[in-house]
Each structure stands twice: as C-alpha cells, then as structure tokens.
Amino acid sequence: MTFRPARRDTVVALGSLLAGAAVATAVAVAARPAASHTGPAASAAGSAKAAAASGPALAPDPVNETLRPKEIVLPSQSPYTSGKIVVEPLRMSCGLSEVIGTHGEQEADGQFCLVRIALTNVDTFTHSFDTHKTALTTTAGASIPVSYPAQEVKRQPLEIAQVGSHDRYELDIYYDVPRDATVNGFTFSDGEGGPTVRAPLPARTWPFS
C-alpha cells in the first residue's frame with residue numbers, strides 16, 4: 001500500500017519552506033554592505049570630508065623651542081624685504097656680559113645683544129647674506145655693528161655666501177652694545193643694491209649679568 005500525504009500536510013510543508021527562504025533572504029540583505037558611490041560627486045565629497053577632518057598640513061613652527069637665558073620672543077610682525085632677501089626677527093636678548101662657545105669665551109666691552117632672525121631668499125637664483133650689512137639701532141641714534149669675536153665664539157656665520165633659491169635659514173647675530181644704551185631696532189640690507197630696512201625692536205631695560 002502506497003502512502004500519500006494529505007493535501008493539508010503538503011500545503012503546510014510548502015509554507016514552511018517559503019517562510020524559511022524569506023528569512024534567509026532578509027538576513028543576507030541586512031548583512032550586505034551598502035553600495036559605494038564612486039562617481040565624481042561622491043569622490044569630491046569624500047575628499048572634502050577627509051580634508052575637513054584632518055585640516056591643512058602645516059610645517060612645524062621653528063620658533064617653538066626652549067628660550068635661552070634672558071631671551072624673549074619678539075612680537076609677530078610682517079617680514080621685511082630688501083632686494084630678494086626677506087628677514088623676520090624672531091627672538092632677542094641683551095645684558096649679556098660674555099658669550100661662551102665650544103672652544104672659547106668672549107667678554108663684552110659693554111653688553112652683548114643678540115637677535116635671532118629667519119631669512120628667506122624669495123628669488124629663483126642664489127643670493128648672499130652678509131651680517132656686516134646689519135646693525136642694531138639705539139634710542140640715542142647710534143648704529144651698532146656685528147661683533148666678529150662673538151659670532152666666532154658662538155659659531156654663527158658672518159656671511160652666507162649662497163642662500164639657495166627659496167631656502168630659509170635661522171641664525172643668531174651678536175652685537176657689542178654700550179652698557180648704558182637701549183636697543184630699539186634692527187637694520188639690514190641684501191648687500192646687492194637693495195634698500196636698508198629697519199625692523200623695530202622692543203626698547204626695554206635688560207638686567208646685566
């Protein structure tokens with residue numbers, strides 16, 4: 001005798017099978033990641049979001065370093081240009097009775113003052129920078145030249161013969177200033193026919209030591 005399932009049993013089995021297939025399909029759809037849009041608009045939007053999240057790439061600030069004794073950070077001001085050389089005074093100090101280097105020391109006739117500058121050649125050709133074309137000015141109207149002995153002891157250049165195209169340098173320039181003088185400015189020229197430019201410095205009293 002052959003067993004044949006009743007029609008109701010067949011309907012129930014078929015319904016269970018269809019319900020299981022529907023559940024499996026729903027799970028697969030839910031697990032599938034959303035389609036990515038790779039068109040131009042979507043790419044631009046993605047780049048904008050990435051830039052906004054990370055911000056512009058900035059070079060590290062070379063001024064952000066430990067200050068030396070008596071040294072102060074100079075107020076931010078627009079760079080000064082003579083010819084193709086751009087100079088920005090960064091820090092200064094005065095009231096130094098001596099400077100000490102790796103191979104010697106030098107006593108000041110008055111007081112040593114130093115100005116740390118950043119200089120940039122904005123031309124496509126090389127140019128020179130000569131510290132003898134710089135000076136400190138005082139409230140009494142004097143002009144103080146660079147101190148050759150202090151530059152030597154502190155191993156700072158007296159001249160940069162070739163400042164490369166769009167190169168930037170930082171250096172200290174030392175001056176031997178009368179002890180009773182008050183410094184109020186820094187002057188320089190590019191030494192190639194550019195004008196002498198003056199950058200104001202804060203006039204203040206420096207303790208001598």
Placing each pseudo-label 7 Å from Cα in the direction of the beta carbon, E192 and E105 end up separated by a distance in nanometres of 4.1
Distance in nm between E159 and T182 label points, each 7 Å along Cα→Cβ, equals 3.7
Within the range 118-177, DSSP-loop chymotrypsin sites (Phe, Trp or Tyr not before Pro) with at most 16 other C-beta atoms within 10 Å are F125
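Starting from the Kirkwood radius over alpha-carbon pairs of the range 128-209, derive D by Stokes-Einstein at 20 °C in a medium of 1.002 mPa s and give it in µm² s⁻¹. Please list the in-between numbers first.
Working: Rh = 13.8 Å.
Value of D from the Cα-based Kirkwood radius: 155 µm²/s.
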Amide H proximity to T182 below 5 Å, modelled H, separation 5+ or other chain, gives T139, A140
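How large is the convex hull of the C-alpha atoms of the range 62-182 per residue, in Å³? Kindly include the intermediate steps, with their values, before the conclusion.
Numbers: hull volume 13.8 nm³, N = 121.
Measuring per residue, one finds 114 Å³ for the Cα hull of the range 62-182.
Quick one: what do you get for the range 108-175 if you divide its Cα Rg by 2.2 N^0.38 Å?
On the way: Rg = 13.2 Å, N = 68, 2.2 N^0.38 = 10.9 Å.
Compared with the compact-globule rule of thumb, the range 108-175 sits at 1.21.
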With G95 itself left out, Lys, Arg at +1 and Asp, Glu at -1 over residues whose Cβ is under 12 Å from its Cβ give 0
Inter-part gap, Cα centre of the range 70-92 to Cα centre of the range 125-182, in whole angstrom, is 12
Correct semi-axes for the range 63-110, from √(5λ) of the alpha-carbon gyration tensor and rounded to whole Å with the largest first, are 26, 15, 11
Here the range 130-139 yields Karplus 3J(HN,Hα) values (6.51, -1.76, 1.60; θ = phi - 60°; whole Hz; Gly and Pro given as x) of 10, 5, 5, 8, 10, 6, 9, 9, 10, 5
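Each reported figure results from applying straightforward, stated rules to the coordinates on display, with no laboratory input. Only a predicted model underlies this, so the values are computations on that prediction, with no experimental measurement involved. Virtual Cβ from ideal backbone geometry, glycine too; neighbours counted across all protein chains shown.
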